[in-house]
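The values are calculated or read from the model by the stated rules, or taken from the named source; none is laboratory data. Given the structure is predicted, the values throughout are model-derived calculations rather than measurements. Cβ placement follows ideal geometry from the backbone for every residue including glycine, while neighbour counts extend to all protein chains displayed. Heavy atoms of the whole protein, side chains included, go into the accessibility calculation; ligands, DNA and RNA do not. Shrake-Rupley method; radii C 1.70, N 1.55, O 1.52, S 1.80 Å.
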Amino acid sequence: MSGAISMKMVSVVCVGFAALCLSTPTVAKPLDKASVLQLTGMGLGDDAVVAKIQSDKVDFDVSTDDMVAFKKQGLSSPVIAALITNRYVARVESSLVSPDPAVPHPAGFYALQTDGDPRMQRMEPTVTNQAKTGGILGYALTGGIASMSVKAAVQNETSKVPVSAQPRFYFFSAESNGDQAGAWASGTNTTVSSPAELTLVRLTAKSGRREARVGSMNIGGAKTGVMDKDRIAFNHTQVRPGVFVVEPVAALPAGEYGFIYSLAGGGAGGAMTARIFDFTVR
C-alpha cells in the first residue's frame, strides 16, 4: 500500500515539474567570454560551439588583442570567426512619437512638435480632390499672352499639423529600418527615397479648400509642376542612413504650406495625382 502511495506521489511530482518547465520556459542569454572558453574546453568540437554561438550570440566585441588571446587559449579560427560575427544587439522598438531620430520610426514624414514635451507627429499625405484652372478669361482676352494656371486643390481650409515659424521635419525612409530598398510607398505607383524629391510650397486658402499651382500655359508654351516663384527653399541633411532632417531656409510667415510630390503627368491630370504633406504655421 505504502509503495503504491509512494509511486503516486512520485508521479504527481513529475507531472508538476513538467508543467512548471512548460509554463516557465528559459530564455537563453548571450554567451560571455568565460562561457565560450568553458564550451571549447569541454571538447565538444567546433561545429557544436559555433552552432551555440550562432544561436545565443555573444555579449562582447572581439578586438585584435582578444583574437590573439583566444588563439593562445586554444580557440580555433572558425570559433573566433563566429564570435566576431555574432554580437548580440538588443532590439529597439520603433516609435511614432519619439523626438529622437536615432530611435527607429515607421517609414514616413514627421513634424517635430516642440510645444510642451517634444514629440514627433507623423504626417499623412493629403490627396488632391480637385483640379482647377485659373486666369481663363485673361488668357482668352489676350490671345494666350496672359497665362492660364492649373491648380491642385486639397480639402479643408487648414491643416491638422500645426508647426512653428521655424519648423523641423524628419524623413524616415525604409532604409532607416534595415530595408535595403530604401524607399516607401507614397501614392499610386510611386516611391520616395529622399526629401530631394519633395517641393515645399505655400498653399492659398480658399473657402473649404487650399490650392497650389502645379502648371501654367500661355502662347509661349506650357509648364508642368510647381512654378519657380512658388517654391520655398529648404535644406535636408542626412543624420543617419535613411533618416534626414528637413528645415526651411528662412522662417515661414503664418499660413498654409505643404511638401508636394507625385505629380504624374501634366495639366489637370498631374494636379489630380498630387500628394501633399500639408501643415500650418501659426
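Points worth noting:
- Residue match in the stretch 128-137 (condition: open to solvent by less than 70 Å² (accessible area, probe 1.4 Å), at pLDDT below 90 and out of contact with any strand residue (DSSP E or B) (no Cβ under 6 Å at 6 or more places or on another chain)): yes
- Residues in the stretch 58-78 that are within 36 Å of the chain's Cα centre (by Cα), of a type outside the set (Phe, Trp, Tyr) and closer than 22 Å to Met42 by Cβ: Val58, Asp59, Val62.
- Any chance Arg119 is closer than 27 Å to Gln238 by Cα and modelled with pLDDT under 85: no
- Candidate set from the stretch 153-178 (those that are in a strand (DSSP E or B) and among the aliphatic types (A, V, I, L, M)); member that is modelled with the highest pLDDT: Val163
- Residue count for the stretch 97-123, restricted to those that are among the aliphatic types (A, V, I, L, M), over 21 Å from Glu197 (Cβ atoms) and outside any loop (DSSP other than H, G, I, E, B): 0
- Residue count, the stretch 233-260 (criterion: part of a strand (DSSP E or B), in contact with a Lys or Arg (Cβ under 9 Å, 6 or more places away or on another chain) and open to solvent by 40 Å² or more (accessible area, probe 1.4 Å)): 1
- Among the residues of the stretch 12-46, those that are farther than 30 Å from Val79 by Cβ, open to solvent by 60 Å² or more (accessible area, probe 1.4 Å) and either in a helix (DSSP H, G or I) or modelled with pLDDT of 85 or more (or both) comprise Val12, Val13, Cys14, Val15, Phe17, Leu20, Cys21, Leu22, Ser23.
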